[in-house]
């Protein structure tokens, strides 16, 4: 069976600086996979190559059986690749429900329509509201995003991506900046995500990673250091040395 | 009164939105000596509306919008001088010419953003100005283009020297533009422009063809600016280089900011306030009337970022929140 998302010998260098080296990576359909690594390991570069913001120097990226290496960002979204951002990337002065509706409208292909009022597209609005409801944001739907507490903004970040009904979802540090007290709410949301979405999570919060992921890939200096189940990762001496540190295990 | 559009917005026309039209008709009967100024104000409102569409909704900052206004003005003038003085055809020619210019230039310049884009918009106006200046056979160069005759509208309504026909003509065209802009702003297309303005990166990430959206909105806006230019040519029966100048673009930007950006009606209030103030100040203080305009802008930018309509909104909010 083909992977939901796959890279083959993916490389990226900026001049003499190599930030991704021969990365072979498979994200299985419905996977709960985490990508970890110290700062500067190349996680963000890797994600940017997956989403099409950055072109790899060599190697291949596939969604299912299709080679998408040369496709742009928009074409990849159309093939079911959704993402969230480490730093909130929201439509700040727009209502929460519109934030989601913008994504739903693009997916439904209605966003070019110029003459009917947007409010006449009841299905877009209803789908967006239903989605917010599942994330516990229904009460905030009509408020501007900028006025929401930070933790809720992180949830809107996820909600927009879900509005695309992705088959593959890249979560870039979904709990970044959220106090530990509130990060359980993010985890609840992540646990409740549809099982058929293949999820790759990039995260620094090891508690969250170990509770959420079924597989973990460790990246250091642009290369895959180790891949395995959380138990294998925790037991691996190498990983402990370069990344986890004794106190985490 | 912000007219933000989106999927929960109520797009029905509110009672207050008829006010400008009622006032426009009242002015026509109540102040006949101001009718020519009124026509000019209406024309500039069309121009400001076209800018609001891309600046207020799409977030495209431009100082070159006079390129399209001027293209429409010259196209209509040349058409009247060389082909026919039929006004509606002339409007169509002006609109299409400016729209085409908008499409071609938009395809090139909208690949850039921020300051680079601002510089390119300036460059396009300058180029157009130079072309109009040098192509004297067609444009009359620095002397301007005049002496053409504009026929009666639909063969029925002659342009009178008091400017009454011109005023009503401008009013009808403005009404159509307003209707179109309002439709666009409340449509999914308009909502997606808001998305681009609010967060370009995210818009890409939800799969929106951002560049194509911007080019299309820019083309529509340019066409509407050209329509305004063509209207000015027909109502004044003259085109001069001033319509292509960078100063006009700057003035337009000032008018829109004064009225309020991204609100539709800011494009109504701004030109009206600006041009009436200009008319008044120029009579009272002929030597330093620009000082008054400058002071007005400084006050608005410092204390009321939402423009005149923003001030009104804030006042209404204050009255409503006061316990009775």
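The values are calculated or read from the model by the stated rules, or taken from the named source; none is laboratory data. These numbers come from a predicted model, not from an experiment. Heads up, the Cβs are rebuilt from the backbone with ideal geometry, glycines too, and the neighbour counts pull from every protein chain shown.
Just one of the numbered conditions (1) without any contact (Cβ under 8 Å) to a residue 24 or more places away in the chain; (2) not in a helix (DSSP H, G or I) is not true of residue B:34: (2).
Is it the case that residue B:210 is within 14 Å of another protein chain (Cβ to nearest Cβ), surrounded by 23 or more Cβ atoms within 10 Å (Cβ to Cβ) and under 27 Å from residue A:96 (Cα atoms)?
Here the answer is no, as residue B:210 does not meet what is asked.
Do any helices (runs of 4 or more DSSP H) entirely within the stretch A:132-247 hold 2 or more residues that are closer than 24 Å to residue A:77 by Cβ, and if so, which?
Values: elements: A:150-162, A:180-191, A:206-212, A:230-235.
In the stretch A:132-247, A:150-162, A:180-191 are the helices (runs of 4 or more DSSP H) which contain 2 or more residues that are closer than 24 Å to residue A:77 by Cβ.
Criterion first (within 22 Å of residue B:255 (Cα to Cα), within 20 Å of the chain's Cα centre (by Cα), modelled with pLDDT of 95 or more and within 14 Å of chain A (Cβ to nearest Cβ)) does residue B:53 satisfy it? Here the answer is yes, as residue B:53 does meet what is asked.
Restricting attention to helices (runs of 4 or more DSSP H) lying wholly within the stretch B:72-140, give those where 3 or more residues are farther than 27 Å from residue B:235 by Cβ. Quick ask: steps written out before the conclusion?
Working: elements: B:87-109, B:114-134, B:136-139.
Hits in the stretch B:72-140: B:87-109, B:114-134.
Mind checking which residues of the stretch A:112-128 are closer than 22 Å to residue A:190 by Cβ and more than 9 Å from every other protein chain (Cβ to nearest Cβ)?
So in the stretch A:112-128, the residues closer than 22 Å to residue A:190 by Cβ come out as A:127-128.
Within the stretch A:112-128, A:127 is the sole residue that qualifies.
Does residue A:91 satisfy the condition of being at the interface with chain B (Cβ under 8 Å from one of its Cβ atoms), part of a loop (DSSP other than H, G, I, E, B), in contact with a strand residue (DSSP E or B) (Cβ under 7 Å, 6 or more places away or on another chain) and buried (at least 18 other Cβ atoms within 10 Å of the Cβ)? No. Considering the conditions (1) part of a strand (DSSP E or B); (2) exposed (fewer than 15 other Cβ atoms within 10 Å of the Cβ); (3) within 17 Å of the chain's Cα centre (by Cα), residue A:30 is excluded by exactly one of them, (1). I'd like to know if the stretch B:179-202 contains one or more residues that are within 25 Å of residue B:10 (Cα to Cα), surrounded by fewer than 21 Cβ atoms within 10 Å (Cβ to Cβ) and more than 10 Å from chain A (Cβ to nearest Cβ). Looking for residues that are within 25 Å of residue B:10 (Cα to Cα), surrounded by fewer than 21 Cβ atoms within 10 Å (Cβ to Cβ) and more than 10 Å from chain A (Cβ to nearest Cβ), one finds at least one in the stretch B:179-202, hence yes. Every listed requirement among (1) modelled with pLDDT of 95 or more; (2) more than 7 Å from chain B (Cβ to nearest Cβ) is met by residue A:98 save one, (2).
With respect to residue A:74, is the statement that it is closer than 14 Å to residue B:200 by Cα and either without any contact (Cβ under 8 Å) to a residue 12 or more places away in the chain or assigned to a helix (DSSP H, G or I) (or both) true? Here the answer is yes, as residue A:74 does meet what is asked.
Going through (1) within 11 Å of chain B (Cβ to nearest Cβ); (2) closer than 19 Å to residue B:9 by Cα; (3) surrounded by fewer than 17 Cβ atoms within 10 Å (Cβ to Cβ) one by one, residue A:109 falls short only on (2).
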